[in-house]
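Below you'll find the structure, written out as structure tokens, and then a few comments.
The values are calculated or read from the model by the stated rules, or taken from the named source; none is laboratory data. Not measured: the values here are computed from a predicted model. Note: ideal-geometry Cβ built from the backbone for every residue, glycine included; neighbour counts use all protein chains shown. Note: areas computed on protein heavy atoms with side chains; ligands, DNA, RNA excluded. Shrake-Rupley method; radii C 1.70, N 1.55, O 1.52, S 1.80 Å.
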Amino acid sequence: MPSRTLIRAGFLTLALALLALFGASLARAAADDEEVRATLAQLRDADFDGKTELIEKLVTLNHSRVAAILQALSDSRLYFQEDPERIVIGSGDGAEIAIEDAVSGEALGQAGKRGLDRITANNRLRSLIENRLAGLGLASADPQQRKAAVEAFLRNPDPVGAAPLRARLEVETDTGIKELLALALALADLASDDATVRAKAATALGGQMQTEIRGPLTRMAAEDSDPAAREAARIALTRTEFRLQMLGWAETLFFGLSLGSVLILAAIGLAVTFGVMGVINMAHGELMMLGAYTTWLVQQWLPVNWSLPVAVPLAFLVAALVGIAIERGIIRFLYGRPLETLLATFGVSLILQQAVRSIFSPLNRSVASPDWMSGTILLGPLEVTLNRLVIVGFCIAVFAVLWLALQRTRLGLEVRAVAQNRAMARAMGVRSARVDALTFGLGSGIAGVAGVALSQLTNVGPNLGQSYIVDSFMVVVFGGVGNLWGTLVAGLSLGVANKLLEPWSGAVLAKILVLVFLILFIQKRPRGLFPQRGRAAEV
Amino acid sequence: MRLPPWLLSDRAGLVLLAVLALIGVGVPILNLWVPPDHPLHLTAYTVTLLGKYLCYALLAVAVDLVWGYMGILSLGHAAFFGLGGYCFGMYLMRQIGTRGVYGDPMLPDFMVFLNWQELPWYWHGFDLFWFAALMVLVVPGLLAFVFGWFAFRSRVSGVYLSIITQALTYALMLAFFRNEMGFGGNNGLTDFKDVLGYPIHADGTRVVLFVLSALALAGGYLACRWLVSTRMGRVLVAIRDSEDRARFLGYRVERVKALVFTFSAMLAGVAGALYVPQVGIINPGEFAPLNSIEAVIWVAVGGRGTLVGAVVGAVLVNYAKSWLTGALPEVWLFALGGLFVAVTLLLPHGLIGLLRRRREATA
């Protein structure tokens, strides 16, 4: 198993690192080499019980090479060389391997495997060694190594090996390691003969989510001879279950937030074109698709890691230009006729879809994720995929920029003025036609930017836009037309609601239920969660 | 026999009815009694294709009634069409009996495949023709009534209504894609064998279905034409032109709307029910939002608020679709998209509007 070898290799390096530290910092005089040699010499002929005793003895010798020797024994790399007679540590494969003296660590060149007699170990010995090595690591000055040592003990607890832990707990200063030590000791105490000690240990372990702890607790809750201890274990397990459940909820919440931010990204451009301008743009999804394809094109020219920062402004530009073209070419002739606008833009969406199909082929294109967006990250006890986290952050950023653009810039002021009262705005010298084109460009550009984000989550194909159009309209209508904050709230709550329903009903049914809820909701509150007030709302 | 005045003044409608009568008689003759090697012979494929167009035309009439006369742009009429189709498809499924792949006397093949033990309750009764035929009207009608009643009562109108009708059909599509729904999931209902005891693929049956489609279209057209000529029809137009004014004048706007919407949904259901035996399959793809919007564009091309235009548009656009998807499949979506744009920008009153204007100009 690769993970196992990895752990071993890790321990070897750890042990070697310890060597240097031991040599430099140990106050107590090291045991002399001869005593170690004498102990090692008995290893060869000892049976496994004998070896166990010898290992325990080696540990007490407090010699700088003990860690390396034990690791080698555990890895089956400890040999008895017959001529000259000595114990060596081998490394490498093949008939000839490199050897070094077990006690001094001096390199001894190559040796044929024939002259070497392997000192065998079994799994019981190996776990004993891991445990004892952990004990040795406890004395390290490096908190990281102490922590690793305690964690190793947690994986492989043993009441006998708990003594050094208890000693360490007295002097440990690092609070994190202290807590870990307490856990490890409690875990060791679960095997105690005293039922009250067991019960106390179980109580201390309640709420810990590691499987190494849950396993023994579950066994204890079922099998312990003492009823009080059983009860303690049971209560501890309920606490653990509760925490696991909370973690599950947190995870669902995060998934919901991530879906919600995708919905917001898809809908926020619509919130501008539909919400602020009152124009139904059925080609909105296709503008997102253009953004996603722009990302793909950029990746053909630039290395993946650099592509996204370039793709975002480029996608904005591409989608905005197409949007302005749609506005100037079609929509401006249809102001005041929303149903016709709907049909015409739907036609545009069909044309854009087919154009992409003809130019890029009807097959999906795969857009790669940059390294800095792949993998997972720990948020407290919660493990989250990085790309979803980035998209949540990206959504917040886009929202903030859009909000600032509408509230703090000249264009934003004009946009809001035209949205509220076109005639008055014109009278005040706002060129409303120009504002219309730019507003539509802004909304379309944001759709393009959303497409960049979507390209990191789903397949990029000609149908990308279609799958989001109904959802995004729902978000805008649910939030209340003409209200960016409403869009934010609506997107998030729909995302979370979807994910909350999913485990209970399945993904498709969850979506249907949300849609049905929305249809009912609009019947009840046709103007959405946060309706616009005043005369403008009645138009 | 004297024609009622509402029909007598409808010259275009009379032409349409005459054409329907002509093809209703002509097509069977050309298919059944003209020998296959004769140049005028119509193949079974053509008959089915024409029958399909007629079903689409009936759907378009239903859309025109609510959009052209009542101002409700429904982007979900394909949902009613599909529901009608599913109801009749269920009847056809039950007629298969033991002739399915698995030969189960009760369960359709896909249920055996899913390891279901008994027929779901909502499948009961669909082995009876009259029950299925009733459901073709009731199911779409009921959905439209409930949906319309709530929507119109809370004064959801304009684009909001369009969007939630689209959401409705979208939700139905997702639902019918689920195997657990018991409607065959992805594959839908297919492999039909016979209808009322007649083999469904026989030429005679196809011709009868075609004639029935023509009759249904003629009946649907007459019903709508009559409806819009009544006092209620005038209220409809009043609602379309100014809903608030109609309400202030004392009309119960939401009742009228819900009623007409329901009637239109029933027409769409009938169209779907006639469509399914002719094409031989119904699957959740029929609920796709695009289908509803395509039906709207047929009406727009022909000219909304004319009823005849809806028929003309449906037949023309679908003919173009059959031809283009065969000859130049790449071009079809460009053409359809272009049609949407061109019709809304250049032909707001459709082809019929164009003809009328020309006649007025010459007169």
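Details
- Only one of the listed residues (A:32, A:45, A:49) is closer than 28 Å to residue A:112 by Cβ and either modelled with pLDDT of 75 or more or surrounded by fewer than 20 Cβ atoms within 10 Å (Cβ to Cβ) (or both). That residue is A:45.
- Residue list for the stretch B:155-176, restricted to those being facing chain A (nearest Cβ under 7 Å) and either aromatic (Phe, Trp, Tyr) or over 17 Å from residue B:285 (Cα atoms) (or both): B:155, B:156, B:158, B:159, B:160, B:162, B:163, B:164, B:170
- The numbered conditions (1) crowded, with 22+ Cβ neighbours inside 10 Å; (2) under 14 Å from residue B:57 (Cβ atoms) are all true for residue B:343 except (2).
- The numbered conditions (1) in contact with a helix residue (DSSP H, G or I) (Cβ under 8 Å, 6 or more places away or on another chain); (2) within 14 Å of chain B (Cβ to nearest Cβ) are all true for residue A:495 except (2).
- Per the listing A:269, A:256, the residue uniquely under 29 Å from the mean Cα position of the chain (by Cα), buried (at least 24 other Cβ atoms within 10 Å of the Cβ) and in contact (Cβ under 8 Å) with a residue 12 or more places away in the chain is A:269.
- Filtering the stretch A:228-241 to residues that are within 16 Å of residue A:192 (Cβ to Cβ) and either open to solvent by less than 30 Å² (accessible area, probe 1.4 Å) or not basic (Lys, Arg) (or both) leaves A:228, A:229, A:232, A:233, A:236.
- Test for residue A:247: is it open to solvent by 10 Å² or more (accessible area, probe 1.4 Å) and touching a strand residue (DSSP E or B) at 6+ places or on another chain (Cβ under 8 Å): yes
- Single unsatisfied condition, residue B:337 versus (1) closer than 30 Å to residue B:129 by Cβ; (2) among the small types (Gly, Ala, Ser); (3) within 12 Å of another protein chain (Cβ to nearest Cβ): (1)
- Those residues of the stretch A:187-210 which are more than 30 Å from the chain's Cα centre (by Cα) and within 20 Å of residue A:152 (Cβ to Cβ), in sequence order: A:188, A:189, A:190, A:191, A:201
- Qualifying residue in the stretch B:262-270 (condition: within 14 Å of chain A (Cβ to nearest Cβ) and either closer than 29 Å to residue B:200 by Cα or of a type outside the set (S, T, N, Q) (or both)): no
- Any hit, the stretch B:271-287, residues being under 27 Å from residue B:132 (Cα atoms), within 14 Å of another protein chain (Cβ to nearest Cβ) and buried (at least 21 other Cβ atoms within 10 Å of the Cβ): yes
- Residue count for the stretch A:332-358, restricted to those that are modelled with pLDDT under 90 and among the aliphatic types (A, V, I, L, M): 4
- Any chance residue A:343 is among the hydrophobic types (A, V, I, L, M, F, W, C), in a helix (DSSP H, G or I), under 20 Å from residue B:289 (Cβ atoms) and away from chain B (no Cβ under 14 Å): no
- Filtered residues of the stretch B:300-323 (kept if within 12 Å of chain A (Cβ to nearest Cβ) and either small (Gly, Ala, Ser) or not in a loop (DSSP other than H, G, I, E, B) (or both)): B:300, B:301
- Pairs linking a residue in the stretch B:236-265 that is within 18 Å of residue B:150 (Cα to Cα) to a residue that is among the aromatic types (Phe, Trp, Tyr) and open to solvent by 40 Å² or more (accessible area, probe 1.4 Å), with Cβ atoms under 7 Å and 6 or more positions apart or on different chains, are B:258/B:145; B:258/B:149; B:262/B:145.
- Of all residues in the stretch A:382-400, none are at positive phi, outside any helix (DSSP H, G or I) and at pLDDT below 90.
- Scanning the stretch A:460-483 for residues that are at pLDDT 85 or above and either in contact with a His (Cβ under 7 Å, 6 or more places away or on another chain) or away from chain B (no Cβ under 14 Å) (or both) yields A:460, A:461, A:464, A:472.
- Of all residues in the stretch B:36-68, those satisfying the criterion of being in a loop (DSSP other than H, G, I, E, B) and either free of Cβ contacts under 8 Å to residues at least 12 places away in the same chain or within 14 Å of chain A (Cβ to nearest Cβ) (or both) are B:36, B:37, B:38, B:39, B:40, B:41.
- Identity of the residue in the stretch A:359-371, open to solvent by 50 Å² or more (accessible area, probe 1.4 Å) and within 13 Å of chain B (Cβ to nearest Cβ), that ends up nearest to residue B:67 (Cα to Cα): A:362
- All positions within the stretch A:463-492 that are open to solvent by 50 Å² or more (accessible area, probe 1.4 Å), over 19 Å from residue B:168 (Cβ atoms) and of a type outside the set (Phe, Trp, Tyr): A:463, A:489, A:492
- Residue tally, condition crowded, with 16+ Cβ neighbours inside 10 Å and within 8 Å of chain B (Cβ to nearest Cβ), over the stretch A:328-340: 5
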